[in-house]
Each structure stands twice: as structure tokens, then as C-alpha cells.
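Scroll down for the structure; my scribbles are underneath it.
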Amino acid sequence: MKKLLTILMVFGIFAACKKESLQAYTEKPRIYFRLEKKVFYLPFPTATAGNLRIDYLPQNSIKKTDTLALIVQASGPASDNPRAFVLERSAKPGNAVEGVDFDLLDKDFVIPAGAFNKAIRVVVRRTSGMTKNELSFAYNLKMNEHFELGPLADTTNYFSNEGVTNMVAINFVARDIAIKPANWDTFLLNYFGAYSEVKYRFIIDVLAKISFPSDTQAAVMTGNRTRLRTALTKFNTGRPEKLKDENGIEISF
């Protein structure tokens, strides 16, 4: 019995110390981007964690913007008070111009009282500069009086779980560069005629494809050409001037 009482006393002291330690322990909340892969990365096939690559070429020319939501997440319990956080453009080289090539639609960098996160919408515009060069910019979260950087103490790394990527910096690269398909002069020439950028972009708009493998059946390619001819006739109808390419040559298929 004496031995049992001793064990219980020791256990009670240990439990009390552990409880007191837990109650006394308070970690400063951390802040990070919480990005769902299926929403933030999957629509952009060449993107990787922390590096979002927007390629406008495969998209119809009527699409002029992409708007993405950066979810800024705070760890720990919610606060009864609004908590400001710091989001700033990275000092690393970036040639995109804010207000022209992209913009932040939400500039109130505050997690509301009772909330755990805040969505910052970034609109990336399809500008003419993207047809010749990639445009880039980056944003970082910074620590302040409310938050440390997270989600882990080692902020140089990110981790993924359940389709979510967490990090403290995000890089954007946007482009709308048309590159002549490698098989144009050996295969596509027979169906689409001489290459031009204007023609290629018209093809993408009509067929919603950017590549046509050389082993594509002749019947399929002939059908593609028929669709293009019909679409071109419709496009030119009622216009004072028929569609011409960048060299001033009338488009034909």
C-alpha cells in the first residue's frame, strides 16, 4: 500500500507539473500562405510549389486576366482582435509592373477578429509585353508584432499534405509567347499552310489546342482545316479588311 501511495504521489506531481507547463506555454502565432493544389497549381501545368507559372497561349484570346486567391493563414487560436500582417513585394528582380501587368485587389492586410485567414486576390493581366518576354514578380510574408513566420520554424522549406502547400513566399511568372511548333514545316504545313503567329493564335482559338502530333490521322487534320476555314470565313464576314498576319499577309488555310 505504501509503495502504491508513493507511485500515485509521484504521478500526481508529474501530472500537475505537466499541466502547469502546458498552461504556461504560449507560442506566438505563425503566418504563411496556405495554397490548395487543385485550385492554385493544377490549372497551371508548369507550376511548381512556390512558383506559379501562368501561360496564356493555350487559352482563348478573349481571356485577358487570371485572378488567384492567396490564402494567408494564421496558426494557433483565433484572436478577439483584428491582427495586421505584413505582405510585401520581394526585393528579388522582377520585371512585371504593378498596376499594369498585375495588381492586388485586396490591400487590407488584416486577419479579422475571430478568423484564422485572409484571402488576398491577385489579378494577372494578359498584357502585350507577355508576347515577347516572361514577366515576373514575387511576394513575401514578413514577421511583425503579431506573427512569426511559419508554418514551421524552418521557413526555407515548405511541406505538403492533403493537397495543400504551405510557404512564406510565392513567385509569379506570366507569359503569352507563341513558339512555332517543331513539326510545322514537316507536317502541319500540309494542312495549315505557312506559319505565322497570328495564324497560330487563330488556330488555338478555334480548335482549343496548341499541339498537333505528326501521327494524327489525316481525316482528323482535314476536319481541323475545314473548321478553321469555316471560322475564318465567319470572322472575316462584315469586316472592312480580312484577317492578316504580322507580316501583312492575308490568313488562309
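Some points to look at:
- For the range 207-216, the candidate set comprises residues that are surrounded by 10 or more Cβ atoms within 10 Å (Cβ to Cβ) and of a type outside the set (Gly, Ala, Ser); within that set, the residue that is farthest from Tyr56 (Cα to Cα) is Thr216.
- So Pro112, is it free of Cβ contacts under 8 Å to residues at least 40 places away in the same chain, over 22 Å from Lys64 (Cβ atoms) and buried (at least 17 other Cβ atoms within 10 Å of the Cβ): no
- The residue of the range 156-176 that is surrounded by the most Cβ atoms within 10 Å (Cβ to Cβ), among those that are part of a strand (DSSP E or B) and small (Gly, Ala, Ser), is Ala174.
- When residues of the range 239-253 are limited to those that are in contact with a Ser or Thr (Cβ under 9 Å, 6 or more places away or on another chain) and aliphatic (A, V, I, L, M), the one surrounded by the fewest Cβ atoms within 10 Å (Cβ to Cβ): Ile249
- Search result, residues across the range 42-58 that are touching a residue at least 40 places away in the same chain (Cβ under 8 Å) and surrounded by 14 or more Cβ atoms within 10 Å (Cβ to Cβ): Ala49, Gly50, Asn51, Leu52, Arg53, Ile54, Asp55, Tyr56, Leu57
- Per-region count, the range 217-238, residues under 24 Å from Asp55 (Cβ atoms) and exposed (fewer than 15 other Cβ atoms within 10 Å of the Cβ): 1
- Some residue of the range 180-191 being surrounded by fewer than 14 Cβ atoms within 10 Å (Cβ to Cβ), closer than 30 Å to Lys38 by Cβ, among the hydroxyl-bearing types (Ser, Thr, Tyr) and at pLDDT 95 or above: no
- Residue check, Ser136 touching a helix residue (DSSP H, G or I) at 6+ places or on another chain (Cβ under 8 Å) and in a strand (DSSP E or B): no
- Considering residues of the range 100-137 that are touching a Leu at 6+ places or on another chain (Cβ under 8 Å) and charged (D, E, K, R) only, the residue farthest from Ile170 (Cα to Cα): Asp101
- With respect to (1) surrounded by 12 or more Cβ atoms within 10 Å (Cβ to Cβ); (2) more than 26 Å from Lys28 (Cβ to Cβ); (3) hydrophobic (A, V, I, L, M, F, W, C), the lone exception for Ala78 is condition (2).
- Which numbered condition Ile204 fails, given (1) surrounded by 15 or more Cβ atoms within 10 Å (Cβ to Cβ); (2) more than 26 Å from the chain's Cα centre (by Cα); (3) not aromatic (Phe, Trp, Tyr): (2)
- Within the range 81-94, considering residues that are part of a loop (DSSP other than H, G, I, E, B) and modelled with pLDDT of 95 or more, the one surrounded by the fewest Cβ atoms within 10 Å (Cβ to Cβ): Asn81
- Evaluated against (1) modelled with pLDDT of 95 or more; (2) touching a strand residue (DSSP E or B) at 6+ places or on another chain (Cβ under 6 Å), Ala113 falls short on exactly one condition, (2).
- Close pairs from the range 88-107: first in the same structural domain as Leu135 (by TED's automatic domain parsing) and touching a residue at least 60 places away in the same chain (Cβ under 8 Å), partner β-branched (Val, Ile, Thr) and part of a loop (DSSP other than H, G, I, E, B), Cβ under 7 Å, at least 6 apart: Asp101/Thr127
The values are calculated or read from the model by the stated rules, or taken from the named source; none is laboratory data. Keep in mind the model is a prediction, meaning the values are calculated, not measured. Positions of Cβ are backbone-derived with ideal geometry, glycine not excepted, and every protein chain shown enters the neighbour counts.
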